[in-house]
Amino acid sequence: MGTYEAALEIVLQAHKLWVETDGREGTRLDLSGADLVRATLSGANLYGADLSGAKLTVAVLAGAFLSGADLSRADLSGAMLPEVVLSGAGLCGADLKRANLYGADLSGAILSGADLSRAYLSDANLYGVDLSGVNLSGAILPEVSYE
């Protein structure tokens, strides 16, 4: 494990403790503006994390739990996000071009100004999502749930 991976593991463990103790111990994950291009965070519990402005281009977050996370202005273009939980997450101005959001739970997420062009949203849950100002050109939306 390289230095980068080891450092990431340390902050992820501190965040896990923060989540498990309702903020009494550990530290909330703050990777705002971080360069996480091609990072693998599959299955990670990133509840309430601050990833605003982070570069997550072609990152793999399959099955990750990002409920309530701040991903505003994050670059998630080409990211692998199947089965990810983004309920209540802030994605204002996020770049999700060509992202794979198969089966993702986006219920109640804030997507104003997000770019979902050419994103794959099959079987995604978009209940309670305001799509005004969202670029959905070329997005694949079969079997999307709005309830």
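The values are calculated or read from the model by the stated rules, or taken from the named source; none is laboratory data. This one's a predicted model, so the numbers in the text were calculated from it and none came from an experiment. All Cβ positions, glycine included, derive from the backbone under ideal geometry; neighbour counts span all protein chains shown.
List of remarks:
- The residues in the stretch 76-129 that are of a type in the set (D, E, K, R) and either under 10 Å from the mean Cα position of the chain (by Cα) or under 14 Å from Ala62 (Cα atoms) (or both) can be counted, and the count is 2.
- Residues in the stretch 2-40 that are in contact with a helix residue (DSSP H, G or I) (Cβ under 9 Å, 6 or more places away or on another chain) and farther than 24 Å from Leu76 by Cβ: 3 in all.
- Residue match in the stretch 58-65 (condition: in contact with a Pro (Cβ under 8 Å, 6 or more places away or on another chain), assigned by TED's automatic domain parsing to the domain that holds Ala139 and either over 16 Å from Ala139 (Cβ atoms) or of a type in the set (A, V, I, L, M, F, W, C) (or both)): yes
- In the stretch 35-74, of all residues being touching a residue at least 24 places away in the same chain (Cβ under 8 Å) and not in a loop (DSSP other than H, G, I, E, B), the one that is surrounded by the fewest Cβ atoms within 10 Å (Cβ to Cβ) corresponds to Asn45.
- If only residues of the stretch 1-34 that are assigned to a helix (DSSP H, G or I), among the aliphatic types (A, V, I, L, M) and free of Cβ contacts under 8 Å to residues at least 12 places away in the same chain are counted, the one that is surrounded by the most Cβ atoms within 10 Å (Cβ to Cβ) is Leu17.
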